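This report refers to the structure that appears directly beneath it.
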Amino acid sequence: MADTILVTGGAGYVGSHVVVELAKAGYAPVVLDNFANSTPAVLPRLQALAGRPIPSVTADVRDAAALRAVFHDHPIAAVVHCAGLKAVGESQERPLAYYDVNVGGAIALAEVMGEAGVATLVFSSSATVYGQPDHLPVPEDAPLRPHSVYGRTKRVVEDFLRDLAKANDNWRIAILRYFNPAGAHSSGMLGEASRGKPANLVPLLCKIAAGELAELAIYGGDWPTADGTGVRDYLHVQDLAEGHVAAMRYLAKAHGAHTLNLGAGRGHSVMEVVAAFEKACGRTIAKAVAPRRPGDVAAYYADPARAAKLLEWRASRDLQVICADAWRWQRNGGRY
Ligand code: NAD
Ligand code: UD1
């Protein structure tokens, strides 16, 4: 029988792609989400793409009683924990909410997993835990200096999970530090559909190309990079989802906590992303250089060697595919 995997935040941008890739790999995913930043309208699409029924539970990940019911009702073998709040700017204004959901959610989940005897966990962390790196590419043992409340909640949860694994060798935990997830499912049926105006570059380019937003403000043209604009490691969301499947397979043979970068291992500037997006959509993107965004860093991209070695995973879709798939999702409406 297929292993049942609980995906918290499974209705969200990353979680929805993880659900589909897990199902494709022969697992039986179960979604838990409170739809704080997503909609149940994604669920029929997940079933269509997965080719199997996807049970879904509407619950808050901080609600231990609701989690106990999920572990009682489903033969959960492992968990992918994507549920959380992720808006950097908002996190500065609402620290209590961010610590409560991101840290409190992880604690409630680990507690109930412990009670249920489920010890395999894949956690969505972020490369934002590094802050401004000293060297590029960034390896996992680089110093952790997150700039935001959001980033600090991720660092706290990482520490918590490593402490759990130190105290009890039963735990099998993969802490995945995502670089910049971007793009959409190649079918055009899944994509980023966060509430409110997007803050990330590729979703903004989709809205500008579609005429829903006027122009791109380029946050700084004087960074110490080749063309003066910020450099990031854009990772196709399907590559990222495949990384979760690889992590799940790895944990079947590895105890302890394992921290892994998931990135493509190469950087692209804002100008390079704009050019690739213009090519993908066949339209010109209106843009103007604006002041730097507080908290931004000049450049970072992953050293993905550990994931390549341990997970036998590497990103296979390039920036042009990311832009083409994001644009396909936008042309299909860009929402559920
Ligand atoms: P998302 O907002 O699309 O997905 C998160 C999901 O969690 C949403 O469906 C939301 O409704 C749900 N959720 C929020 N609070 C919840 C709660 N209390 N109980 C149950 N469900 C809750 O975000 P995403 O981009 O899919 O991110 C998924 C995870 O990956 C997050 O933990 C995020 O911090 C992390 N991450 C994302 C990125 C990125 O750029 N997208 C980068 C690094 C790390
Ligand atoms: C942001 C978050 C980070 C999160 C990451 C991935 C901040 C400060 N950081 O980082 O915590 O892990 O998303 O989801 O919000 N850009 C523009 N104009 C725009 C938007 C972006 O020029 O309107 C530039 C940025 O300056 C950056 C690049 O585009 O150089 C990518 O930006 P974004 O998609 O927001 O990702 P990050 O800045 O890496």
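The values are calculated or read from the model by the stated rules, or taken from the named source; none is laboratory data. A quick note: this is a predicted structure, and the numbers were derived from the prediction, not measured. With ideal geometry, Cβ positions are generated from the backbone for all residues, glycine too; neighbour counts draw on all protein chains shown. Side chains are part of the model used for accessible areas, which takes the heavy atoms of the whole protein and leaves out ligands, DNA and RNA. Shrake-Rupley method; radii C 1.70, N 1.55, O 1.52, S 1.80 Å.
For the reader, a short list of remarks on this structure follows.
- Selection count where residues are outside any loop (DSSP other than H, G, I, E, B) and either within 16 Å of ligand 1 (Cβ to nearest atom) or of a type in the set (Lys, Arg) (or both), scope the stretch 249-269: 6
- Residues located in the stretch 78-126, provided they are hydroxyl-bearing (Ser, Thr, Tyr) and in a helix (DSSP H, G or I): SER91, TYR98, TYR99
- Pairing residues of the stretch 277-306 that are among the acidic types (Asp, Glu) with residues that are open to solvent by 60 Å² or more (accessible area, probe 1.4 Å), at Cβ distances under 9 Å and at least 6 apart in sequence or on separate chains, gives GLU278/THR284; ASP296/HIS147; ASP296/TYR219; ASP303/LEU136.
- Lone unmet requirement of (1) more than 16 Å from ligand 2 (Cβ to nearest atom); (2) open to solvent by 10 Å² or more (accessible area, probe 1.4 Å) for VAL14: (1)
- Residue in the stretch 52-77 that is farthest from TYR98 (Cα to Cα), counting only those that are open to solvent by 70 Å² or more (accessible area, probe 1.4 Å) and over 22 Å from the mean Cα position of the chain (by Cα): ARG52
- Residue within the stretch 199-212 that is out of contact with any Leu (no Cβ under 6 Å at 6 or more places or on another chain) and under 13 Å from SER126 (Cβ atoms) present: yes
- Of the residues in the stretch 257-274, at least one is more than 20 Å from GLY191 (Cα to Cα) and over 21 Å from the mean Cα position of the chain (by Cα).
- Scoring LEU85 on the criteria (1) within 11 Å of ligand 2 (Cβ to nearest atom); (2) under 20 Å from TYR13 (Cβ atoms); (3) not acidic (Asp, Glu) leaves a single failure, condition (1).
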